[in-house]
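Here's the structure, in C-alpha cells; my notes come after.
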Amino acid sequence: MSAKGPLWRRLLLPVFLALLGANLVALAAWTGPRYWRQRNAAARAEAARAEVARQRLEAAELRERSGAIRANAVDVDRFYTRLVGTEKADLLPTLEEIEQLARAPGLKPGARSLKRDEVPGARVERVSVTLPLEGSYGQLVGFLRGVERSKHFLTVDRVALRADQQGVATLQVELSTYLREAAEAKKEKTRGRP
C-alpha cells in the first residue's frame, strides 16, 4: 500500500466515478429527448382531443341550425300556400267574420278603419283593421278568443283596454291579415318604379 491510500481508491474509484458520470450523461442524452417528445406528444394529443370536441360541438350546432332552417322553410311554405289568401277569395270573408265577431251579444262596435301595407321582402300585403269595441271585460275577452279560433289567418297586433266606473270597457284592437299579391299588382309595382 502506498501512503496515499489503497490502490482501488487511487485508481479504480476515479475510473468508476468517470464511467458512472459518462453513463449518467449517456442516459440523460438518450432518455431526455424521448421524455420531451413524449411530453410534447401528450400535450399535442390533449390539444387534438379538445379540438375534436370543439369541432363535434360546432357540428352539432350546425346540424341544429340546419334543422331549424328546414323547419322554417316548411313553415314559410305553409304560410304562403295555406294561411295567406288572395284578395278576391279571402279579404271580404275575413272582414265579414271580424264584423260578425264584433257584433256578438253585448258588444258595441265603432267605426272600423282599414289600412294596407306592403311587407318588405315578402310576397304578401298586410291588411290591418283597427276596430273600437265597447262591452264588459268578459265580452271583450270573448271577442279575442273568437279571433284566436278564426279559420282565417288573423294576428292581433295591438290591444288597448280602458274601463270606466260602471264596468263598461272600451277595447281598441288592431288585427291584421295577409294576402298574396296578385301577379298584375306586382307587374304594376315594378313598372311604376324608376
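The values are calculated or read from the model by the stated rules, or taken from the named source; none is laboratory data. Quick caveat, the model's predicted, so the values are computed rather than measured. In this analysis, Cβ positions are derived from the backbone assuming ideal geometry, glycine residues included, and neighbour counts consider all displayed protein chains.
So, of the residues in segment 81-135 that are assigned to a helix (DSSP H, G or I) and of a type in the set (Gly, Ala, Ser), which turns out to be nearest to residue 175 (Cα to Cα)? Step through it out loud before you land on a result.
The first filter runs over segment 81-135 and keeps only residues assigned to a helix (DSSP H, G or I), leaving 81-83, 87-102.
Remaining after also requiring of a type in the set (Gly, Ala, Ser): 89, 102.
Numbers: 89: 19, 102: 12 Å.
My answer is 102.
Is it the case that segment 45-59 has a residue that's loosely packed, with under 10 Cβ neighbours inside 10 Å, assigned to a helix (DSSP H, G or I) and basic (Lys, Arg)?
No.
State yes or no: is residue 185 touching a strand residue (DSSP E or B) at 6+ places or on another chain (Cβ under 9 Å), outside any strand (DSSP E or B) and modelled with pLDDT under 85?
So residue 185 passes the test.
Might you check whether a residue that is modelled with pLDDT under 85 and out of contact with any helix residue (DSSP H, G or I) (no Cβ under 9 Å at 6 or more places or on another chain) occurs anywhere in segment 65-79?
Scanning segment 65-79, I find at least one residue that is modelled with pLDDT under 85 and out of contact with any helix residue (DSSP H, G or I) (no Cβ under 9 Å at 6 or more places or on another chain), so the answer is yes.
Restricting to segment 115-141, what's the tally of residues that are aliphatic (A, V, I, L, M) and within 26 Å of residue 78 (Cβ to Cβ)?
Looking only at that region, the number is 5.
Does at least one position in segment 137-145 carry a residue that is outside any helix (DSSP H, G or I) and either surrounded by 13 or more Cβ atoms within 10 Å (Cβ to Cβ) or modelled with pLDDT under 85 (or both)?
So far as segment 137-145 goes, no, none of its residues is outside any helix (DSSP H, G or I) and either surrounded by 13 or more Cβ atoms within 10 Å (Cβ to Cβ) or modelled with pLDDT under 85 (or both).
Only one of (1) touching a strand residue (DSSP E or B) at 6+ places or on another chain (Cβ under 8 Å); (2) touching a residue at least 12 places away in the same chain (Cβ under 8 Å) is not met by residue 97, so which one is it?
For residue 97, the exception is condition (1).
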